[in-house]
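The values are calculated or read from the model by the stated rules, or taken from the named source; none is laboratory data. None of these values were measured; they are calculated from a predicted model. Backbone-built Cβ (ideal geometry, glycine too); neighbour counts: all protein chains shown. Quick note on the areas: whole protein, heavy atoms, side chains included, nothing else; ligands and nucleic acids left out. Shrake-Rupley method; radii C 1.70, N 1.55, O 1.52, S 1.80 Å.
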Amino acid sequence: SAGSQQMLLAHSFPQRDFIARVNFQNLIPNTTYICKTRLGRDLSLLTAGPKVTFKTLPGPDIAENVSFAVVTGMNYAKFHGDSRINRVRSAIKNNTQLPQPYSGPDKELGYPALATILKMNPDFFVGTGDNVYYDTPDDPRAVTMAEMRQKWHEQFIQPRFQELFAKVPTFWIVDDHDYRVDDGDNSGDFLPLPETARRILLEQLPYAAFE
């Protein structure tokens, strides 16, 4: 940004899934920032890491249009095709024919809609829940911390997500599928337990800096 710089240090640990997180302070409204990273095991041996940009919102004192993209239902297993999905049972449960996996030549890049969103250049992206599906496939479904983390890993490692997140800030909400199970809430003693679900969502999504 113009005349504003911050240098922050973050550490990654296995108990936090090796996620490093920082909290930027005193950002200027309606300003584009460049975030450069340097990575390494020792402060004296750092190498250049990813570079991303983001623009802050106009704030309460600036009258300006704001555009954003809203997305839900990003089902990795159904998009890519997972042989463990019981297609007959899913069709009966949903009272509809389960669609076939995506078969385009760009499949390994991830959801084509993300490329369209990036071209639209929104001010921010909102994931409104069901950002991953712990219960697809439902047998087996993700119940341990390692299995739940894997759902986020496979989702966000897709190149189109990385390209989008390098230029567009994000805001996240969770729903049933990326919390515990279909139509699940805090009731019931099945796995994952609510405390595990909450820990993973706060770990995997950029809600706040680690304490």
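Using a 7 Å offset from Cα along Cα-Cβ at R84, what residues in region 119-145 end up with backbone N under 17 Å from the label point?
132-145
Output the Kirkwood hydrodynamic radius of region 139-211, Cα pairs only, in Å rounded to one decimal.
Its Kirkwood hydrodynamic radius stands at 13.5 Å.
Classify region 42-82: rounded, prolate or oblate, from the alpha-carbon gyration tensor (a ≥ b ≥ c, eigenvalue square roots; a/c under 1.5 rounded; otherwise prolate if a/b is larger than b/c)?
Oblate, because a/c is 1.5 or more while a/b does not exceed b/c.
Report, as a whole number in µm² per second, the diffusion coefficient that Stokes-Einstein gives for the chain at 37 °C and 0.692 mPa s using the Kirkwood radius over alpha carbon pairs.
In µm²/s, the coefficient is 170.
Normalised by the residues of the chain, what does the relative contact order come to in percent, with Cα pairs under 8 Å and at least six apart?
Computed value for the chain: 21 percent relative contact order.
Taking N as the number of residues in region 104-158, what value does Rg over Cα atoms divided by 2.2 N^0.38 Å take?
The value comes to 1.35.
Mean shadow of region 25-117, computed from the convex hull of its alpha carbons, in nm²?
11.7 nm²
For C35, list long-range residues whose amide hydrogen, built 1.01 Å from N in the peptide plane, is under 5 Å from its own amide hydrogen.
Placed amide hydrogens put V52, T53, F54 under 5 Å from C35.
So, with +1 on the Cβ of K and R and -1 on the Cβ of D and E, and no other charges, what is the size of the charge dipole of the chain about its Cα centre, to the nearest 20 debye?
In debye, rounded to 20, the chain gives about 700.
Accessible area, 1.4 Å probe, largest first: how do I200, I173 sort?
Descending order: I173, I200.
Tell me the relative contact order for region 1-59 as a rounded percent, counting alpha carbon contacts under 8 Å between residues six or more apart.
30 percent
For the chain, what is the percent of antiparallel DSSP beta bridges, rounded to the nearest 5?
Of all bridge pairs located within the chain, approximately 45 percent are antiparallel.
Per DSSP H run of at least 4 residues, take -39500 (n - 2.57); add these up for the chain, divide by its residues and hand me the 222 nm value, nearest 500 deg cm²/dmol.
Value at 222 nm, helices only: -7000 deg cm²/dmol.
So for region 28-97, taking the charge dipole from beta-carbon charges (+1 Lys/Arg, -1 Asp/Glu), which of C35, A77, A63 sits furthest toward the positive end?
A77
Would you mind putting 62-68, 141-147, 124-130 in packing order, based on average other-beta-carbon counts within 10 Å, highest first?
So the order, starting with the most tightly packed, is 124-130, 141-147, 62-68.
When Rg is the radius of gyration of the Cα atoms in region 54-170 and Rh is its Kirkwood radius, what does Rg/Rh come to?
Expressed as Rg/Rh, it is 1.04.
Ignoring ligands, DNA and RNA, please state the percent of accessible area on the chain from carbon and sulfur, probe 1.4 Å.
55 percent
So, for region 1-136, what is the accessible surface per residue at a probe of 1.4 Å, expressed in square angstrom?
70 Å²
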